[in-house]
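Input: a single structure, listed below in structure tokens.
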Amino acid sequence: MRRFRFRLQSILDLRRYEEDQRRLELGGITAQCERLRHEIADTDRRRRETLTIRPYGVSGADITWRISQADYADSLVRKRSELERQLEECDARREEAAERYRIAKRNADILTRLRERREEQHMRAEKRRSHLVLDEIGQTMHRRAEEGGINAV
């Protein structure tokens, strides 16, 4: 039986490689987006703590502490705004990367299905070919048996 050989295997390998690269790219960008989400949550937590917790020994009437507290809370609000802007950009990059991944996956899947169909056709053709060879051997043996008086199997 002849071995199956897919003529487009090198292209399929390239498409699979590209799919893997796009998946890695998407994973990296997704990780960046998640890191930004965690930073936003951490900033919110620190702002809440700043506004609700007063260090031991500081009175509620201490104006210097109150001003420092408000300044720090405002800086955290600005930081959160910047993180949200970065997250929006990251989400946009993630969507673009996801689309590139979908395209690369589709291209690899098309060639994979083509390979599977060709391999199936090859196997059917080889099976037919082997049946024909066996039939021919049987006919030859039968013909020889008739011609030479050899007992047929």
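Return the only residue of T43, T50, T64 being in a helix (DSSP H, G or I), among the hydroxyl-bearing types (S, T, Y) and loosely packed, with under 12 Cβ neighbours inside 10 Å.
T64
Tell me, please, whether a residue that is surrounded by 13 or more Cβ atoms within 10 Å (Cβ to Cβ), not β-branched (V, I, T) and not in a helix (DSSP H, G or I) can be found in segment 87-97.
Taking every residue of segment 87-97 in turn, none turns out to be surrounded by 13 or more Cβ atoms within 10 Å (Cβ to Cβ), not β-branched (V, I, T) and not in a helix (DSSP H, G or I).
From the list E119, E146, which residue is over 21 Å from R45 (Cα atoms), within 36 Å of the chain's Cα centre (by Cα), in a helix (DSSP H, G or I) and of a type in the set (D, E)?
The match here is E119.
Based on this model, can you work out whether D135 counts as at pLDDT below 95 and either in contact with a strand residue (DSSP E or B) (Cβ under 8 Å, 6 or more places away or on another chain) or in a helix (DSSP H, G or I) (or both)?
Answer is yes for this residue.
Taking only segment 12-40 into account, find how many residues are surrounded by 15 or more Cβ atoms within 10 Å (Cβ to Cβ), farther than 30 Å from D71 by Cβ and among the aliphatic types (A, V, I, L, M).
3
Residue by residue through segment 23-72, note down the ones that are in contact with a Ser or Thr (Cβ under 7 Å, 6 or more places away or on another chain) and modelled with pLDDT of 90 or more.
Within segment 23-72, Y72 is the sole residue that qualifies.
Output the residues belonging to segment 67-86 that are touching a residue at least 12 places away in the same chain (Cβ under 8 Å) and either of a type outside the set (D, E, K, R) or not in a helix (DSSP H, G or I) (or both).
If the condition is that a residue be touching a residue at least 12 places away in the same chain (Cβ under 8 Å) and either of a type outside the set (D, E, K, R) or not in a helix (DSSP H, G or I) (or both), then Q69, Y72, A73, L76, V77, L83, Q86 are the ones that fit.
The values are calculated or read from the model by the stated rules, or taken from the named source; none is laboratory data. If you're wondering where the values come from, they're calculated on a predicted model, not measured in any experiment. Neighbour counts run over all protein chains shown; Cβ positions are idealised from the backbone, glycine included.
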